[in-house]
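J.: Could you have a look at this structure, given as structure tokens, before my questions?
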Amino acid sequence: MPSSLKIDESVVEDDAAYPITVTLRHLTEEEATPKQSSTSANGQGTQDGLFRSNLAKDDTQDLLDASKINARANSEEVIHAKYMIGADGAHSWTRNQIGLKLEGDSTDYIWGVLDIVPITDFPDIRMRCAIHSADCGSIMVIPRENKLVRLYIQLTTTNQKAGDNSSRADRSKINPQMILESAQRILAPYKITYRKLDWWTAYQIGQRVGTSFSVLERVFLAGDAVHTHSPKAGQGMNVSMQDSFNLGWKIASVVKGHARRSILKTYQSERRRIAQDLIAFDHKFSRLFSGRPAKDVMDAEGISMEEFKAAFEKGNMFASGIAVNYGASAIVAKEGSSEEQGDGTDVSVAIAKHRVISDQSLCGGITVGMRIPSHKVLSQADARPWHLHEVLPSNGRWRVVVFAGNTNENQQRDKLWKLSEAFSAPDSFLNLYTPKGARSDGVFEVLLIHNAPRQSVTVLDFPEVFRPFDEIDGWDYNKIFVDDVSYHEGFGNIYEALGIPQNGCIVIIRPDQYVSYVGSMEKTAAVNSFFAGFMKEQHVPYEAQPNGTQV
Ligand SMILES: Cc1cc2nc3c(=O)[nH]c(=O)nc-3n(C[C@H](O)[C@H](O)[C@H](O)COP(=O)(O)OP(=O)(O)OC[C@H]3O[C@@H](n4cnc5c(N)ncnc54)[C@H](O)[C@@H]3O)c2cc1C
């Protein structure tokens, strides 16, 4: 268990330094494997783990104190690290150590959660739905495995004053019977009870977001450690995982020496903005849940069903991550101010000549800053259909995807060969930023999706930059795709679905599948400029790189 954290601020900008020192204290076997309380028949026991969730009190200090009096006291380990991520939940020890604060309030609403096998005459109990009663509050129904159903039930409100964060629900006064009775009032005239209770809790949630997501871009916070909100829309875990997904590849590319440290600031500008938007949405969603439904269209003070449904759908978009649209920055080439489109952090390109702006009007179905939608394409070499996302695995590589149109037409073929010459030139992004001697696709993968009839061309008709040669493995057959009909799985029609023009375009996709740039096939210089804004020129041969650096 960590007991201290220090950052040597004098070396934070030194790429080779290990500015973080964390001391770990060993716990006893008993402390490390606490007894799990099984569910009791009356539901009074709850399942817990070593460090309980944000529903339990913070017992970090108790565990640390206990470890001092056992046989392994003073058994410590010291870790020196370049970077550290505190994904240690709402009571985050890391957050406390680095002195970052959460801003916001506790909500007024107390919610009960029951995981039960329901006995009910409510016909939609196996549907994910929300029941909004006339004046007894709301229930959210989430069908689960083994006939279980999770019910989120609004219980009551506290008398909390605005800004008074000390007021917490007294959960000791709440029991499963009280929660069930609330559910029965909301569901009436339908009836509900249970004999099997798997788990229950009651909570009053804080809607809070961190004032900053990192210290000196060396120690980062992710997940509940930097944002908490109500679990009703099922977003906490999704948004938390997306934090780490956003941060992981950025730290990896800096540690490997591919990208400059400046890209790390985009973590806060992108993810803190999402957390702020989510909390604003959560405020609205909680109000809709707790408010009185409108009696009819003239009832201006009631909540309209349309408004409720729209918020429900927006919540689903948050949960899946497909509504996320990152703002302009060094790694998202679009119009506008990075401060306004993010959380206020300046993440624009440091050198003005490297500022690149996409031609967003080129492809109607691709939005710069959002994930590229996935449609099926065929491998040129073997006609096997692939979903586009399957050929963009999250392995830290950037993708430069060239939609070349019908390459049987002279104009498109000429453009493609010119583009490949530019990509292969000694001063191209491929040659400047891929370590000498590393795999040619170790940092960037250059992919081609054309729409000439598949059987009218072969892999070998295309420039070598799309089928790099390896002395042992031969030609690479996995980088050229075609928008054509498959033998057994229909037609992905990706050109039409993404609005790709017949004269083609270049799309740069980040390692996390968000679109960085869209431009015409002629704009190869813009691709070089884009990467010059944050990548590091590689002069050291791959073999001579520091230990542990792999491409
Ligand atoms: C009742 C309820 C229902 C929810 N339902 C949903 C849902 O349906 N969908 C959804 O997306 N989200 C849901 N959430 C939210 C979701 O659970 C959280 O947002 C998510 O778990 C946050 O993940 P995390 O990794 O940031 O933190 P946590 O899941 O809290 O994980 C933190 C981890 O850090 C460990 N830890 C803490 N301190 C230390 C330490 N000092 N040293 C070492 N380890 C430490 C803990 O043991 C824990 O394993 C729900 C939350 C609640 C309370």
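Residue by residue, here is whether (1) surrounded by fewer than 17 Cβ atoms within 10 Å (Cβ to Cβ); (2) within 12 Å of the ligand (Cβ to nearest atom); (3) under 28 Å from the mean Cα position of the chain (by Cα) holds:
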{"residue": "THR94", "(1), (2), (3)": "no, yes, yes"}
{"residue": "ILE98", "(1), (2), (3)": "no, no, yes"}
{"residue": "GLU103", "(1), (2), (3)": "yes, no, yes"}
{"residue": "PRO123", "(1), (2), (3)": "yes, no, no"}
{"residue": "HIS132", "(1), (2), (3)": "no, no, no"}
{"residue": "MET140", "(1), (2), (3)": "no, yes, yes"}
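J.: Of all residues in region 207-227, which are among the hydroxyl-bearing types (Ser, Thr, Tyr) and touching a residue at least 60 places away in the same chain (Cβ under 8 Å)?
T.: Passing the criteria: THR211, SER212.
J.: For region 318-333, name all the residues that are at pLDDT below 95 and either away from the ligand (no atom under 16 Å from the Cβ) or touching a Cys at 6+ places or on another chain (Cβ under 7 Å) (or both).
T.: ASN325, the sole residue that qualifies.
J.: Tell me, which strands (runs of 3 or more DSSP E) wholly within region 82-153 include 3 or more residues that are within 30 Å of GLY302 (Cα to Cα)?
T.: Output list reads 102-106, 109-120, 129-132, 138-143.
J.: Do we have THR228 as open to solvent by 10 Å² or more (accessible area, probe 1.4 Å), within 13 Å of the ligand (Cβ to nearest atom) and in contact with a strand residue (DSSP E or B) (Cβ under 7 Å, 6 or more places away or on another chain) here?
T.: yes
J.: Checking the structure you have, find out if any residue of region 194-205 is acidic (Asp, Glu), over 24 Å from TYR514 (Cα atoms) and more than 10 Å from the ligand (Cβ to nearest atom).
T.: The answer is yes; a qualifying residue exists.
J.: For region 212-225, does any single residue satisfy the condition of being hydrophobic (A, V, I, L, M, F, W, C), farther than 22 Å from TYR514 by Cβ and part of a helix (DSSP H, G or I)?
T.: Yes, region 212-225 contains at least one residue that is hydrophobic (A, V, I, L, M, F, W, C), farther than 22 Å from TYR514 by Cβ and part of a helix (DSSP H, G or I).
J.: Every residue in region 207-225 that is within 13 Å of the ligand (Cβ to nearest atom) and out of contact with any Asp or Glu (no Cβ under 7 Å at 6 or more places or on another chain), please.
T.: Scanning region 207-225 gives GLY210, PHE213, PHE220, LEU221, ASP224.
J.: Let me ask you something else. Please return the ranges of strands (runs of 3 or more DSSP E) entirely within region 303-420 where 2 or more residues are crowded, with 20+ Cβ neighbours inside 10 Å.
T.: Hits in region 303-420: 376-379, 398-405.
J.: Quick one: count up the residues across region 204-225 that are over 14 Å from GLY89 (Cβ atoms) and touching a strand residue (DSSP E or B) at 6+ places or on another chain (Cβ under 8 Å).
T.: Number satisfying all stated conditions: 11.
J.: Separate question: Answer yes or no as to whether LEU114 is in contact (Cβ under 8 Å) with a residue 12 or more places away in the chain, open to solvent by less than 50 Å² (accessible area, probe 1.4 Å), touching a Gly at 6+ places or on another chain (Cβ under 9 Å) and over 19 Å from ARG292 (Cα atoms).
T.: Against the criterion (in contact (Cβ under 8 Å) with a residue 12 or more places away in the chain, open to solvent by less than 50 Å² (accessible area, probe 1.4 Å), touching a Gly at 6+ places or on another chain (Cβ under 9 Å) and over 19 Å from ARG292 (Cα atoms)), LEU114 qualifies.
J.: Report yes if some residue within region 446-453 is closer than 23 Å to ASP359 by Cα and either in a loop (DSSP other than H, G, I, E, B) or not assigned by TED's automatic domain parsing to the domain that holds HIS539 (or both); otherwise report no.
T.: yes
The values are calculated or read from the model by the stated rules, or taken from the named source; none is laboratory data. Everything quoted here is computed from the prediction, not taken from an experiment. FYI the Cβ positions are ideal-geometry reconstructions off the backbone, even for glycines, and counts take in every protein chain you see. Each accessible area value is taken on the protein alone, full model and side chains, heavy atoms only, with ligands, DNA and RNA left out. Shrake-Rupley method; radii C 1.70, N 1.55, O 1.52, S 1.80 Å.
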